[in-house]
Amino acid sequence: MKNILSQRASELKPSATLAISAKEKELKSQGIDVVGFGAGEPDFPTPAHIREAAKASLDRGETFYTPVGGTVELKKAVIRRFDEDYGLKYEPDHILVSCGAKHSLYNIFQAIIGPGDEVLIPAPYWVSYPEMVCLSGGKPVIVPAEEKNNFEPDPKLLESLISPNTKAIIINSPSNPTGIMYSRKLLEELAEIAEGHDLTVISDEIYDKLVYDNLTFTPFASLPGMHKRTVTVNGVSKTYAMTGLRIGYLATPIKEIVKAAGNIQSQSTSNPSNPAQAAAVQALIGPQDEVVRMRNIFENRRNLMTRLINEIDGISVPIPQGAFYTFVNTTALNGRDGIKNSTDFAQLLLDKYHVACVPGGPFGSEDHIRLSFATSDAVIEEGMRRIATACKDLG
Ligand SMILES: Cc1ncc(COP(=O)(O)O)c(C=O)c1O
């Protein structure tokens, strides 16, 4: 059979992060003692009151369709969190609930991007942004950001890449993969550019509650003039350890986008799972102390992991201010024993030392590997021992 696949599907790259998690699981199932740093999800169980809410929903018989864009209760809960946390005001028709923030982003790109449209994506970027832009027929325009600038893109460079076809810019702070949180100054400069060039800003704020060092998170929509041009994406996966329940949402006063993204959802997945929505309501309006507890544990693990990495000769890491990733610079290892880039080093770590991490290439950097600290202190310590041995063996 010739050309069974569409061009779109043939060109699409699978998610590198999910691939590494699958590889890790496969090796473990073969009885190999793999230390896994691939995880893009909290290792904590979903808090009990949230699990209870899902069970209660099932027991109430909530196994039927809900409105495509989410239940009234969940939209209200989302609106309440934005208001209480950030003073941001939304109406129910500004919200679309989807099957995870990934799905929200997919719907947004499908709704606003078509052939010829360009989207500015600061690198390093989350693996799915460029692929999603391509899937919608658009062109990802990568804005490189350097480690020496704390992975913050240069606003002048970013502005120079704007063309008449540029429609949107995507911001992800705190970032996956770097964990870096943009300074308020940079956010304000980006706001000015968005205003000056009439761009829509897609702000992926999935890590807004995982911020360390007592820093304050600034939602992009809260900047002067930005509420009206920002589509904020968030969800319950990372904050409430609910990755498998698949609830994410977008919020924007640009009603055309909400409506179009909702239409796309109505013709593809329909509503997200009904009991998962009930669980998300409880997550958003119930007690928030588990969020603080998990955040504090992540902060301690970040301290441990970054300290141990920076003690190893050959690799180094800037301190992430948020999320649960370190983006480790491996360039000092290039040229040693045939290592050309971080992909080679990640492969060596997996094959010889049984340490799973994600190479930086799919995030837009061949100079780094991503290590997740959503794992226990013991795993972090063992993994760092193995990585130290690997670096030592490389000479
Ligand atoms: C930056 C970023 N955005 C969105 C998502 C998607 O999260 P979910 O679809 O689980 O809500 C992830 C998950 O890894 C992420 O890291």
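The values are calculated or read from the model by the stated rules, or taken from the named source; none is laboratory data. All of these numbers come straight from a predicted model, not from anything done at the bench. Positions of Cβ are generated from backbone atoms using ideal geometry, with glycine treated the same way; all protein chains shown enter the neighbour counts.
Taking the condition basic (Lys, Arg), touching a strand residue (DSSP E or B) at 6+ places or on another chain (Cβ under 6 Å) and away from the ligand (no atom under 16 Å from the Cβ), does LYS89 pass? Quick ask: steps written out before the conclusion?
Working: basic (Lys, Arg): yes; touching a strand residue (DSSP E or B) at 6+ places or on another chain (Cβ under 6 Å): no; away from the ligand (no atom under 16 Å from the Cβ): yes.
For LYS89, the condition - basic (Lys, Arg), touching a strand residue (DSSP E or B) at 6+ places or on another chain (Cβ under 6 Å) and away from the ligand (no atom under 16 Å from the Cβ) - is not met.
Look through ASP344, ASP313, ASP393, ASP351 and report the one residue that is in contact with a Gly (Cβ under 9 Å, 6 or more places away or on another chain), over 26 Å from ILE206 (Cβ atoms) and outside the structural domain of TYR212 (by TED's automatic domain parsing). I'd like the intermediate steps shown before the answer.
Details: ASP313 fails: in contact with a Gly (Cβ under 9 Å, 6 or more places away or on another chain); ASP393 fails: in contact with a Gly (Cβ under 9 Å, 6 or more places away or on another chain); ASP351 fails: in contact with a Gly (Cβ under 9 Å, 6 or more places away or on another chain).
So the residue among ASP344, ASP313, ASP393, ASP351 that is in contact with a Gly (Cβ under 9 Å, 6 or more places away or on another chain), over 26 Å from ILE206 (Cβ atoms) and outside the structural domain of TYR212 (by TED's automatic domain parsing) is ASP344.
What's the number of the only condition in (1) in contact with a Lys or Arg (Cβ under 9 Å, 6 or more places away or on another chain); (2) within 15 Å of the ligand (Cβ to nearest atom); (3) farther than 21 Å from ASN107 by Cβ that ALA123 fails to meet?
Looking at each condition in turn, ALA123 falls short on (1).
Being without any contact (Cβ under 8 Å) to a residue 12 or more places away in the chain and either over 27 Å from ASP43 (Cβ atoms) or in the same structural domain as PRO177 (by TED's automatic domain parsing) (or both), is that true of even one residue in the range 203-220? Walk me through how you get there before you give the answer.
Residues of the range 203-220 that are without any contact (Cβ under 8 Å) to a residue 12 or more places away in the chain, as a first pass: 214, 216.
Now restrict to residues that are either over 27 Å from ASP43 (Cβ atoms) or in the same structural domain as PRO177 (by TED's automatic domain parsing) (or both): 214, 216.
Yes, the conditions are met somewhere in the range 203-220.
Restricting the search to the range 224-262, which residues are of a type in the set (Gly, Ala, Ser) and part of a helix (DSSP H, G or I)?
First, the residues of the range 224-262 that are of a type in the set (Gly, Ala, Ser): 225, 235, 237, 241, 244, 248, 251, 260-262.
Within the range 224-262, GLY244, ALA260, ALA261, GLY262 meet the criteria.
For the range 202-220, give me the residue count where each residue is among the β-branched types (Val, Ile, Thr), in contact with a strand residue (DSSP E or B) (Cβ under 8 Å, 6 or more places away or on another chain) and assigned to a loop (DSSP other than H, G, I, E, B).
Taking the range 202-220 first, the residues among the β-branched types (Val, Ile, Thr) are 202, 206, 211, 216, 218.
Applying the additional criterion that residues be in contact with a strand residue (DSSP E or B) (Cβ under 8 Å, 6 or more places away or on another chain) yields 202, 206, 211.
Now drop any that are not assigned to a loop (DSSP other than H, G, I, E, B), which leaves 206.
Residues flagged as among the β-branched types (Val, Ile, Thr), in contact with a strand residue (DSSP E or B) (Cβ under 8 Å, 6 or more places away or on another chain) and assigned to a loop (DSSP other than H, G, I, E, B) within the range 202-220 amount to 1.
Identify, from the list PRO140, PRO144, the residue that is free of Cβ contacts under 8 Å to residues at least 24 places away in the same chain, surrounded by fewer than 23 Cβ atoms within 10 Å (Cβ to Cβ) and on the phi < 0 side of the Ramachandran plot.
On the way: PRO144 fails: free of Cβ contacts under 8 Å to residues at least 24 places away in the same chain.
Unique residue meeting the criteria: PRO140.
Suppose we filter the range 229-278 for residues that are within 14 Å of the ligand (Cβ to nearest atom) and either within 19 Å of ALA48 (Cβ to Cβ) or not assigned by TED's automatic domain parsing to the domain that holds LEU190 (or both); how many remain?
13
Quick one: ILE193 ticks every box in (1) assigned to a helix (DSSP H, G or I); (2) touching a residue at least 40 places away in the same chain (Cβ under 8 Å) bar one, so which box is it?
(2)
Would you pick out the residues in the range 18-44 that are within 16 Å of the ligand (Cβ to nearest atom) and either part of a loop (DSSP other than H, G, I, E, B) or surrounded by fewer than 22 Cβ atoms within 10 Å (Cβ to Cβ) (or both)?
First pass over the range 18-44, keeping only residues within 16 Å of the ligand (Cβ to nearest atom): 18-22, 24, 36-44.
Within the range 18-44, LEU18, ALA19, SER21, ALA22, PHE37, GLY38, ALA39, GLY40, GLU41, PRO42, ASP43, PHE44 qualify.
Checking ILE254 against (1) farther than 20 Å from SER372 by Cβ; (2) without any contact (Cβ under 8 Å) to a residue 40 or more places away in the chain, which single condition isn't satisfied?
So ILE254 meets the others, but not (2).
Which residues, counting only those in the range 159-204, are under 30 Å from GLY38 (Cα atoms), more than 16 Å from the ligand (Cβ to nearest atom) and crowded, with 18+ Cβ neighbours inside 10 Å?
LEU186, LEU187 - these are the residues of the range 159-204 that are under 30 Å from GLY38 (Cα atoms), more than 16 Å from the ligand (Cβ to nearest atom) and crowded, with 18+ Cβ neighbours inside 10 Å.
Residue check: is GLY61 surrounded by 16 or more Cβ atoms within 10 Å (Cβ to Cβ) and not in a helix (DSSP H, G or I)? Write out each step before concluding.
Details: surrounded by 16 or more Cβ atoms within 10 Å (Cβ to Cβ): no; not in a helix (DSSP H, G or I): yes.
Judged against the criteria, GLY61 is not a match.
Here's the yes/no breakdown for (1) crowded, with 19+ Cβ neighbours inside 10 Å; (2) within 16 Å of the ligand (Cβ to nearest atom):
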residue: ILE79; (1), (2): yes, no
residue: ASP83; (1), (2): no, no
residue: HIS94; (1), (2): yes, no
residue: GLY100; (1), (2): yes, yes
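Conditions first: (1) under 15 Å from the mean Cα position of the chain (by Cα); (2) assigned to a strand (DSSP E or B). TYR182 passes all but one, so which condition is the exception?
Condition (2) is where TYR182 drops out.
Counting only residues that are at pLDDT 95 or above and under 29 Å from THR269 (Cα atoms), give me the helices (runs of 4 or more DSSP H) lying completely in the range 99-173 with at least 3 of them. Talk me through it step by step, then tell me what you get.
Numbers: elements: 101-112, 128-135, 155-160.
Once the helices (runs of 4 or more DSSP H) in the range 99-173 are filtered for at least 3 residues that are at pLDDT 95 or above and under 29 Å from THR269 (Cα atoms), what remains is 101-112, 128-135.
Has the range 205-213 got at least one residue that is out of contact with any Gly (no Cβ under 8 Å at 6 or more places or on another chain), crowded, with 17+ Cβ neighbours inside 10 Å and within 17 Å of LEU96 (Cβ to Cβ)?
Within the range 205-213, one or more residues are out of contact with any Gly (no Cβ under 8 Å at 6 or more places or on another chain), crowded, with 17+ Cβ neighbours inside 10 Å and within 17 Å of LEU96 (Cβ to Cβ).
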